[in-house]
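Working notes for the structure below.
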Amino acid sequence: MTDSPSLSVCLDTLFTDDRFIDRIDRCAELGVDGVEFWEPADRPLQAVRERTAATDLTFVGMVGCTTGLTDPDARDQAVAELQSTIETAAAVDCENLIVTSGPECESHGWQTQYDSVVDILNTVAPDAEEAGVMLLLEPLNTAVDHPESFLSRSETGFDIVDEVDSPQVRLLYDVYHQQITEGNIIDTLQENIDRVGHVHIADVPGRNEPGTGELNYERIIEGLEDAEYDGYIGCEFRATGSDSSAVESVLELLGD
């Protein structure tokens, strides 16, 4: 982390016309600070480690678990998957793992599902602490993209982070998802900045680059800077035009 926000690019949404590993070079040429992507399965993780090191970029993150956390009957499977991915992340110098709650589990009540998420994260938090890998719990909107998701509101996510109470468990605050879910972006970020480990950006509606929708990203980034946020801001959007131009526009917002 640096003294001000750094910029990361999601390799699953930008520069997708290039070979996966070559997308890292595209990011380096533009002057971004790191890269991230979704599921690590079938990704050349050692090659990512080597290419990010060679281009002086940070391997910021990837998805840590595909098993849902809401079903206590699937607890052991989720714990084993997270522990394995934590070990993998540490081996390839990946700093963060993105963790979602998974879908609502119809066979269990809300509190049981909530407690299951807390229990699983509590169980693997010591592994994350030992490995130096951050677990980023991400709420997803249910109105547009993920109608099945258990965790959608940031307040619930922050409560889970507080209950787990580990320095290696934080919230991934996705501005796109939270604008759809609840709004009040700047106040929420500033009031909870110590519990935020990563920020994703995309405009609403459309999930395209900042400036294409209703959000005032200049003010949002100013709000993050005012709160002394020094983590990564991840570009998780699809550009309406040139990918390079879209990323450059975000760099300009950051003053880079």
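Since every read-out is calculated from the coordinates, none of them should be taken as a lab result. Quick caveat: nothing in here was measured; it's all calculated off a predicted structure. Using ideal geometry, Cβ is built from the backbone for each residue, glycine included, and neighbour counts are taken over all protein chains shown.
Some notes on this structure:
- The Stokes-Einstein estimate for the stretch 5-63, based on a Kirkwood radius over Cα pairs and taken at 4 °C with 1.567 mPa s viscosity, is a diffusion coefficient of 116 µm²/s.
- Dimensions of the stretch 60-140 based on its C-alpha atoms, expressed as ranges along the principal axes with the largest first, amount to 38, 22, 15 Å.
- Between Asp256 and Asp187, residue separation times 0.36 nm minus the direct Cα-Cα distance comes to 22.4 nm.
- Using the Cβ of Gln46 as centre and a radius below 15 Å, the other residues enclosed give a net charge of -1, where K and R count +1 and D and E count -1.
- In Å, descending, principal axis extents of the Cα set of the stretch 124-193: 37, 27, 17
- Viscosity 1.306 mPa s, 10 °C: Kirkwood-radius Stokes-Einstein D of the chain over Cα pairs, µm²/s: 87
- Net lengthening on full extension, Thr55/Gln77 (0.36 nm per residue, minus Cα-Cα): 4.3 nm
- Summarising the strand pairing of the chain, around 5 percent of its internal DSSP beta bridges are antiparallel.
- Only Lys, Arg (+1) and Asp, Glu (-1) charged, at Cβ; the stretch 6-242 dipole about Cα centre in debye: 580
- Efficiency of FRET between Ser245 and Glu222 - r from beta-carbon atoms, R0 22 angstrom, step 0.05: 0.50
- Peptides ranked, highest mean first, by Cβ atoms within 10 Å: ranges 35-43, 170-178: 170-178, 35-43
- The stretch 1-118: C-alpha pair distances exceeding 21 Å, %: 45
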